[in-house]
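Working notes for the structure below.
The values are calculated or read from the model by the stated rules, or taken from the named source; none is laboratory data. All values derive from a computational prediction rather than experimental measurement. When we count neighbours, we look across all protein chains shown, and the Cβ atoms used for this are built from the backbone with ideal geometry, even at glycine. We work out accessible area using only protein heavy atoms, side chains counted, and drop any ligands, DNA or RNA first. Shrake-Rupley method; radii C 1.70, N 1.55, O 1.52, S 1.80 Å.
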Amino acid sequence: MKHQHINKIMLAGLLVIAFALPLVIRSATYLHILVLLFFYAYLTTSWNIVGGFAGVLPLGHAAFVGIGAYTSTILSLQYGVSPWLGMLVGGVLATIVGVIISLPTLKMRGAYFALATIAFAEGIRVMVENIDYIGPLKLNGPRGLQIPPLETGLASFMFASKEPYYYIILIMLLAVMLLTYLISRAKLGYYLMAGGEEPEAAMALGINVARAKLIAMAISSFLTALAGTFYAQFSLYIHPKSIISLDMSFEIAFIALIGGRGSIVGPLLGALLLRPVGDFCRIYFGDTLPGLHLVIFGLVLIFVMLYQPRGIQEPISRAYQALLNRLIPQPSLGR
């Protein structure tokens, strides 16, 4: 029981630190890095609902980021729709696309499913990159879309400083982590884990594995698209190679696999480890060695899969539990 109290105190302390950081860190550059770190932690946690619990390996989630970003941006630029409403529209559209794509692909196993999702994401990127208009909707092809900073404020989802973006993505991250926790404790979570580990045995017990995975993909697609709108409003410029790139899809998967797929804190731990490496590589080697961060991620992934196949969250959890046991020994139960 004492350990549970300590865990709650630690969680409360971490939350206080997270919300107080902008009061201490005044540098716009550091806040920018933290926003992107939380952004990728959010993306990976959303991916983890289907890629972790369901036991499949989707490698095309950048397509849903792009759907969310382009939907809200086009609605805002051409029709004056609030980005907040456009965010929800993009989420619904991504959910529909995710379900349509999942109906045939979720029946595939292993590498076949991963390749199918890669082909889907690349197809979306190529289409957006080579089409200027879809009916009345202006995609602007490879030139992308620029969001003019005409009006700042919460209603327009546009701010002059980094702090509001920091708090928005932090709240989004905490919300999706809470949702992931609730799913893991609900029937859906148990069905997904059973279907991911032993699908034949789960189906023999009467579990509709295909339906559970489809629901997980729908939830994951919706949440991922919300992040697309956030990224569009944060960067004020989107184009296919940045928002619908395989690099982003691979990075999301790498963070989850290294942090610990199927766990609550794994995506956050993976982002804390890998995002600084990615930012460092882009700043210092972006021109001479583009893609170096993915090579480093791949090497780290090989090392983790060899020695900690369940991700770095497992040894960190063991070390934390051992520290608690040393500091506050649990009373032994007598007969």
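Conditions: (1) more than 28 Å from GLU163 (Cβ to Cβ); (2) at pLDDT 90 or above; (3) part of a helix (DSSP H, G or I); (4) not hydroxyl-bearing (Ser, Thr, Tyr). LEU31 meets all but one. Number of the miss?
Here LEU31 meets the rest and fails (1).
Regarding SER76, is this residue open to solvent by less than 30 Å² (accessible area, probe 1.4 Å) and either farther than 27 Å from ALA41 by Cβ or part of a helix (DSSP H, G or I) (or both)?
Numbers: open to solvent by less than 30 Å² (accessible area, probe 1.4 Å): no; either farther than 27 Å from ALA41 by Cβ or part of a helix (DSSP H, G or I) (or both): yes.
No: the conditions fail for SER76.
Here are some conditions: (1) surrounded by fewer than 23 Cβ atoms within 10 Å (Cβ to Cβ); (2) modelled with pLDDT of 95 or more. THR229 meets all but one. Which one does it not meet?
Evaluating THR229 over (1) surrounded by fewer than 23 Cβ atoms within 10 Å (Cβ to Cβ); (2) modelled with pLDDT of 95 or more leaves (1) as the failure.
With LEU145, LEU85, LEU106, LEU150 as the choices, which residue is of a type outside the set (Val, Ile, Thr) and under 23 Å from GLY51 (Cβ atoms)? Can you show your working first?
Numbers: LEU145 fails: under 23 Å from GLY51 (Cβ atoms); LEU85 fails: under 23 Å from GLY51 (Cβ atoms); LEU150 fails: under 23 Å from GLY51 (Cβ atoms).
Every option except LEU106 fails the conditions.
How many of the residues making up the range 91-114 are modelled with pLDDT of 95 or more and open to solvent by 50 Å² or more (accessible area, probe 1.4 Å)?
Number of matching residues: 3.
Any residue in the range 292-311 that's of a type outside the set (A, V, I, L, M, F, W, C): show its pairings with residues that are assigned to a loop (DSSP other than H, G, I, E, B) at Cβ separation under 7 Å, as long as the two are six or more apart or on different chains.
Between residues of the range 292-311 that are of a type outside the set (A, V, I, L, M, F, W, C) and residues that are assigned to a loop (DSSP other than H, G, I, E, B), the close pairs are ARG310/GLY260; GLY311/GLY260; GLY311/ARG261; GLY311/SER263.
Would you check if there is a residue in the range 135-154 being in a helix (DSSP H, G or I) and of a type in the set (A, V, I, L, M, F, W, C)?
The answer is no, given that none of the residues of the range 135-154 is in a helix (DSSP H, G or I) and of a type in the set (A, V, I, L, M, F, W, C).
Residues checked against (1) surrounded by fewer than 19 Cβ atoms within 10 Å (Cβ to Cβ); (2) of a type outside the set (Phe, Trp, Tyr); (3) within 26 Å of THR117 (Cα to Cα):
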{"residue": "ILE255", "(1), (2), (3)": "no, yes, yes"}
{"residue": "GLY266", "(1), (2), (3)": "no, yes, yes"}
{"residue": "GLY270", "(1), (2), (3)": "no, yes, yes"}
{"residue": "PRO276", "(1), (2), (3)": "yes, yes, no"}
{"residue": "GLY298", "(1), (2), (3)": "yes, yes, yes"}
{"residue": "GLN321", "(1), (2), (3)": "yes, yes, no"}
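Let me confirm something: among ALA94, ALA119, ALA111, ALA160, which residue is among the small types (Gly, Ala, Ser), touching a Ser or Thr at 6+ places or on another chain (Cβ under 6 Å) and farther than 16 Å from SER72 by Cβ? Break it down into steps so the answer makes sense when it comes.
Details: ALA94 fails: farther than 16 Å from SER72 by Cβ; ALA119 fails: touching a Ser or Thr at 6+ places or on another chain (Cβ under 6 Å); ALA111 fails: touching a Ser or Thr at 6+ places or on another chain (Cβ under 6 Å).
Result: ALA160 is the single residue among ALA94, ALA119, ALA111, ALA160 that is among the small types (Gly, Ala, Ser), touching a Ser or Thr at 6+ places or on another chain (Cβ under 6 Å) and farther than 16 Å from SER72 by Cβ.
Give me a count of the residues in the range 194-246 that are of a type in the set (Asp, Glu) and touching a residue at least 40 places away in the same chain (Cβ under 8 Å). Steps first, answer last, please.
So the first thing to find is which residues in the range 194-246 are of a type in the set (Asp, Glu), and the list is 197-198, 200.
Next, only the ones that are touching a residue at least 40 places away in the same chain (Cβ under 8 Å) stay: 197.
Residues meeting the conditions: 1.
From GLY141, GLY189, which residue is open to solvent by less than 50 Å² (accessible area, probe 1.4 Å) and in contact with an Asp or Glu (Cβ under 6 Å, 6 or more places away or on another chain)?
Of the residues listed, the single one that is open to solvent by less than 50 Å² (accessible area, probe 1.4 Å) and in contact with an Asp or Glu (Cβ under 6 Å, 6 or more places away or on another chain) is GLY141.
Okay, residues lined up against (1) part of a helix (DSSP H, G or I); (2) among the polar types (S, T, N, Q):
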| residue | (1), (2) |
| --- | --- |
| THR229 | yes, yes |
| PHE234 | yes, no |
| ASP247 | yes, no |
| PHE254 | yes, no |
| HIS293 | yes, no |
| PHE297 | yes, no |
| PRO329 | no, no |
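Suppose we filter LEU31, LEU15, LEU11, LEU43 for residues that are open to solvent by less than 40 Å² (accessible area, probe 1.4 Å), of a type outside the set (D, E, K, R) and under 27 Å from LEU182 (Cα atoms); which single one remains? It would help to see each step written out before you state the result.
Working: LEU31 fails: under 27 Å from LEU182 (Cα atoms); LEU15 fails: open to solvent by less than 40 Å² (accessible area, probe 1.4 Å); LEU11 fails: open to solvent by less than 40 Å² (accessible area, probe 1.4 Å).
Sole residue among the options that is open to solvent by less than 40 Å² (accessible area, probe 1.4 Å), of a type outside the set (D, E, K, R) and under 27 Å from LEU182 (Cα atoms): LEU43.
Taking the condition at pLDDT 90 or above and assigned to a helix (DSSP H, G or I), does VAL128 pass?
yes
Can you name the residue in the range 155-199 that is charged (D, E, K, R) and part of a helix (DSSP H, G or I) and, of all such residues, is modelled with the highest pLDDT?
So in the range 155-199, the residues charged (D, E, K, R) come out as 162-163, 185, 187, 197-198.
With part of a helix (DSSP H, G or I) added as a condition, the list becomes 163, 185, 187, 197.
Details: GLU163: 95, ARG185: 91, LYS187: 91, GLU197: 68.
For the range 155-199, the residue satisfying everything is GLU163.
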